[in-house]
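Encoded as structure tokens, the structure appears first; notes follow it.
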Amino acid sequence: MLAVQAGCVLAPRLPPGAERLRRLGGRGWAVVPLASIVLVVFAIRYVNDTATGLTYLALIAVPPLAAVALGWAMRGARLVLVLLAAVLFALAWGARGSLVGEGAAVLLSALSCITLGVLLAAVTPASWLKVGIVLMAGADTWLVVSDLLQAPNASLIAAAPGGGLPQLQSEAFGSVSMGYGDLFIAAVLGAVLASDPRRQRVAALIAFVVAALFDLLFFAVNELPATVPVALTLIILELWDLYRRRRPRPVLARTRGAPERA
């Protein structure tokens with residue numbers, strides 16, 4: 001699951017035609033990461049059947065969004081890969097309850113998050129979206145620490161569509177579970193960094209290492225905000241950039257050249 005989250009940082013690209021979305025852009029879009037967790041948690045907590053509604057929304061929206069990622073939004077995207085979304089959905093449905101089915105469902109969700117991250121980055125100034133990432137992680141931490149997340153999260157995980165259809169609103173692989181927002185925030189970070197592939201690769205590695213170290217806290221607690229390692233990755237990158245900008249550059253001594261000869 002940590003590798004999938006890091007992959008969400010690594011996979012987004014600047015797809016052709018994304019610049020056309022800029023006319024819809026604005027700083028207000030930066031609130032989407034924060035709203036995606038706070039509004040959902042309180043809606044599940046206080047509005048009946050919200051978890052069930054989100055289950056069917058994910059069932060309808062995730063496969064097409066995953067197909068868009070495979071054909072357009074991710075690195076290595078090809079139109080022929082769009083068919084892979086149908087294969088993953090078939091596995092998630094047919095092998096529901098097994099590791100194969102759970103893995104297919106996780107990949108579908110991750111791919112859909114890549115598309116959402118790329119779209120959000122296309123309409124939001126990068127500096128504001130970075131603030132949105134940090135605020136989302138802060139809100140997630142507050143909800144976990146204040147015990148406001150656990151009950152809505154349990155309701156969301158328990159909600160299931162009829163007909164044995166797969167659950168795509170939350171991610172589970174064996175005994176490990178992760179929220180959809182945990183993959184979404186990683187994809188948003190990857191989309192923000194997509195213009196610099198080298199920095200994006202470094203961010204994916206940092207996110208994986210930080211998340212692995214952060215998860216050592218599971219020896220003491222049962223639930224952690226998985227958005228925090230992504231925000232910490234962003235903070236590490238920003239601090240490193242600040243250090244590089246402020247680091248004094250060596251002054252090269254200028255020497256007088258030898259006189260030219262005719």
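The values are calculated or read from the model by the stated rules, or taken from the named source; none is laboratory data. Worth saying up front: this structure is predicted, and the values here are computed from it rather than measured. Positions of Cβ are generated from backbone atoms using ideal geometry, with glycine treated the same way; all protein chains shown enter the neighbour counts.
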- prompt: Tally time: how many residues in segment 176-216 are aliphatic (A, V, I, L, M), farther than 26 Å from Leu54 by Cβ and either in contact with a Pro (Cβ under 7 Å, 6 or more places away or on another chain) or in a helix (DSSP H, G or I) (or both)?
  reply: 11
task: Write out, first by first residue and then by second, each pair whose Cβ atoms fall under 6 Å of each other, whose residues are 6+ apart or on separate chains, and whose first residue, in segment 113-127, is closer than 17 Å to Cys8 by Cβ and modelled with pLDDT of 95 or more while the second is part of a helix (DSSP H, G or I) and acidic (Asp, Glu).
output: none
message: Kindly evaluate Ala67 against the criterion of being touching a residue at least 12 places away in the same chain (Cβ under 8 Å), under 29 Å from Pro15 (Cβ atoms) and not polar (S, T, N, Q).
response: yes
field: Number of the condition not met by Tyr243 [criteria: (1) assigned to a helix (DSSP H, G or I); (2) surrounded by 12 or more Cβ atoms within 10 Å (Cβ to Cβ)]
entry: (2)
message: On the basis of being surrounded by 13 or more Cβ atoms within 10 Å (Cβ to Cβ) and more than 15 Å from Asn153 (Cα to Cα), does Leu70 make the cut?
response: yes
- prompt: Mind checking whether some residue in segment 114-132 is hydroxyl-bearing (Ser, Thr, Tyr) and surrounded by 23 or more Cβ atoms within 10 Å (Cβ to Cβ)?
  reply: yes
